[in-house]
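The values are calculated or read from the model by the stated rules, or taken from the named source; none is laboratory data. Everything numeric here is computed off the predicted structure, so don't read it as measured data. Heads up, the Cβs are rebuilt from the backbone with ideal geometry, glycines too, and the neighbour counts pull from every protein chain shown. Just so you know, the surface numbers come from the protein's heavy atoms only, side chains and all, with ligands and any DNA or RNA stripped out. Shrake-Rupley method; radii C 1.70, N 1.55, O 1.52, S 1.80 Å.
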Amino acid sequence: MIWFLTKGRRLNPVYAAFMIVAFMMGIAGALQAPTLSLFLSREVEVRPFWVGLFYTVNAIAGILVSLALAKRSDNQGDRRKLIMVCCVMAVANCVLFAFNRHYLTLITIGVMFASIANTAMPQIFALAREYADNSAREVVMFSSIMRAQLSLAWVIGPPLSFMLALNYGFTTMFLIAAGIFVISLALIFFALPSVARIEQPADVALTQVSGWKDKNVRMLFIASMLMWTCNTMYIIDMPLWVSSDLGLPESLAGLLMGTAAGLEIPAMILAGYYVKRFGKRRMMVIAVSAGVLFYVGLILFHSRTALLLLQLFNAIFIGIVAGIGMLWFQDLMPGRPGSATTLFTNSISTGVILAGVLQGALAENFGHYSVYWLIAGLSVFALILTSRVKNI
């Protein structure tokens, strides 16, 4: 990693800035996301259905806002300024959640702030891709190492999130997240570059620009959506399942998330190193296969030790999908890194929509155990689709 961030003997400050910003914003996000279902069920005091509905509404708003902002970012304006606006909205969102416990306010104003704030990360990766292309650097490894910063953040974030929320309260946790976003905003303003747009050639086919008319993009989108549906259903349900059904400590949920994130880092870096040798499709098939094993394992094994060991498969799954999946979209949609990256993140958001509806309905009507049977089935379908996408 140090070698990649250096040029000769001098540290490349711009590359280092991208890594630090990704890590800081990852920390802020990892403080909020793991305990959100607990926050809604305990602080806001709503039933599982309304918890799931919150995730769904948040994801729908995120898709609509991110698509509009991505189209604008690819065609005009300074992408860095858009990222800073998103950070301001992230700060406002954290402050709102710190002091408000009214469900209707959170699902309206809070969702509006969050939908704009969540656009920041795909735009940072799009800006990084453009900067790497312009500076003739190795894009795959740079993206993999940068994505590893998010995993490193998730090693620290979830255990810290549960520790702060359970010992000091959700208000303290959200205010700390707000402070981290403020620091990130300053780093973006002073350290990240503005990158000039590369004009798209007139003879580039519409399918290459829009992406959605390409059957490979469609299949990859659906497969990615199903992968993230599985992952999000697990994230929403697992903290509640661990404490209510399995009778294990609530803090174990944070430890499980942090363990998986820590193991994701070598998975991402190794994926970036070997992707040229094996190809993106083969790497993704390996990843989704690991996901199938993970979700089947959750059905079969419920001890603390088993759940921790299963995180290895979860890490391979998410570590490769999060890095290689995004690059696969970008390669299938040349000339539109912002739209391609946003399409990838919208596959995540669409997965969250499905996850919120499915998890809430299943948990409330059939219990938490039913959630994991559905997850296992969806992961198998995602594996079939992934194996049919064109290799690039």
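By the helix-only formula, in which each DSSP H run with n ≥ 4 contributes -39500 (n - 2.57) and the sum is divided by residues, the chain has a 222 nm mean residue ellipticity of -27500 deg cm²/dmol. Along region 21-28, what does the Karplus equation 6.51 cos²θ - 1.76 cosθ + 1.60 (θ = phi - 60°) give for ³J(HN,Hα), rounded to whole Hz, x for Gly and Pro? These are the phi-based 3J(HN,Hα) values: 4, 4, 5, 5, 5, x, 4, 4 Hz. The 3J(HN,Hα) values that the Karplus relation (6.51, -1.76, 1.60; θ = phi - 60°) gives for region 85-97 are, in residue order, 4, 4, 5, 4, 5, 5, 4, 4, 5, 4, 5, 4, 5 Hz. Gly and Pro appear as x.
Taking region 213-295, which trypsin sites (Lys or Arg not before Pro) meet the DSSP loop condition and have no more than 13 other C-beta atoms within 10 Å?
Values: sites: K213, K215, R218, K276, R277, K280, R281, R282; in loops: K213.
In loop regions of region 213-295 (DSSP not H, G, I, E or B), the sparsely surrounded trypsin sites (Lys or Arg not before Pro) are K213.
Can you count the Lys pairs in the chain whose Cα atoms are under 19 Å apart, with each pair 8 or more apart or on different chains?
Values: K71/K81; K71/K213; K213/K390; K215/K280; K215/K390; K276/K390; K280/K390.
The result is 7.
Shown for region 213-305: the carbon plus sulfur share of the solvent-accessible area, taken with all protein chains present and a 1.4 angstrom probe, equals 62%.
Could you tell me which of rounded, prolate or oblate describes region 343-392, using a ≥ b ≥ c as the square roots of the eigenvalues of the alpha-carbon gyration tensor, with rounded for a/c under 1.5 and, failing that, prolate when a/b is larger than b/c and oblate otherwise? Numbers along the way, then the final one.
On the way: a/c = 5.05, a/b = 1.75, b/c = 2.89.
Oblate shape, in that a/c is at least 1.5 and b/c is the bigger or equal ratio.
By a 1.4 Å probe calculation restricted to protein chains, H102 has an accessible surface near 100 Å², given to the nearest 10. Relative to the dominant Cα principal axis of the chain, helix 48-75 is inclined by about 10°.
Ordering F113, F181 from largest to smallest accessible area (1.4 angstrom probe), what's the sequence? Working shown, then result.
Numbers: F113 40, F181 20 Å².
Largest to smallest exposure gives the sequence F113, F181.
For the chain, the solvent-accessible area works out to 41 Å² per residue, with a probe of 1.4 Å and every protein chain left in place. Using the Cα gyration tensor of region 77-163, with a ≥ b ≥ c the square roots of its eigenvalues, what is the shape: rounded (a/c below 1.5), prolate (a/b larger than b/c) or oblate (neither)? Here region 77-163 falls in the oblate category.
Positive-end ranking of F125, S115, L40 along the dipole of the chain, with charges on Cβ about the Cα centre, is headed by F125. Between T172, T229, T350, the GNM of the chain built on Cα springs shorter than 10 angstrom shows T172 fluctuating the most. The angle between the Cα long axis of helix 170-191 and the main principal axis of the chain comes to about 0°, on a 0 to 90 degree scale. The alpha carbons of region 313-386 occupy a box of 46, 23, 20 Å along the principal axes, longest dimension given first. For the options I109, I27, I188, a Gaussian network treatment of the chain with springs between C-alpha atoms closer than 10 Å singles out I109 as fluctuating the most.
Let me know the shape class of region 268-392, please: from the alpha-carbon gyration tensor, a ≥ b ≥ c as square roots of the eigenvalues, rounded when a/c is under 1.5, otherwise prolate if a/b is greater than b/c, or oblate. Because a/c hits 1.5 or more and a/b fails to exceed b/c, region 268-392 counts as oblate. The relative contact order of the chain comes to 28 percent, based on Cα pairs under 8 Å that sit 6 or more residues apart. Longest span of the chain, sites excluded, free of GluC sites (Glu not before Pro) in DSSP loop with at most 11 other C-beta atoms within 10 Å? The longest such stretch corresponds to 200-392. Sorting the Cα pairs of the chain by distance into bins of 10 Å, from 0 upward, gives 5, 24, 36, 26, 8, 1, 0 percent per bin.
Counting only Cα atoms, I'd like the Rg/Rh figure for region 233-320, Kirkwood definition for Rh. Before the final figure, lay out the partial values.
On the way: Rg = 14.0 Å, Rh = 13.5 Å.
Rounded to two decimals, Rg over Rh is 1.03.
Springs between Cα atoms under 10 Å define the GNM used for the chain, and in it the highest mean-square fluctuation of A17, A117, A253 occurs at A17. A cut-off under 15 angstrom between Cβ atoms defines the neighbours of A186, and their net charge, with Lys, Arg +1 and Asp, Glu -1, is +2.
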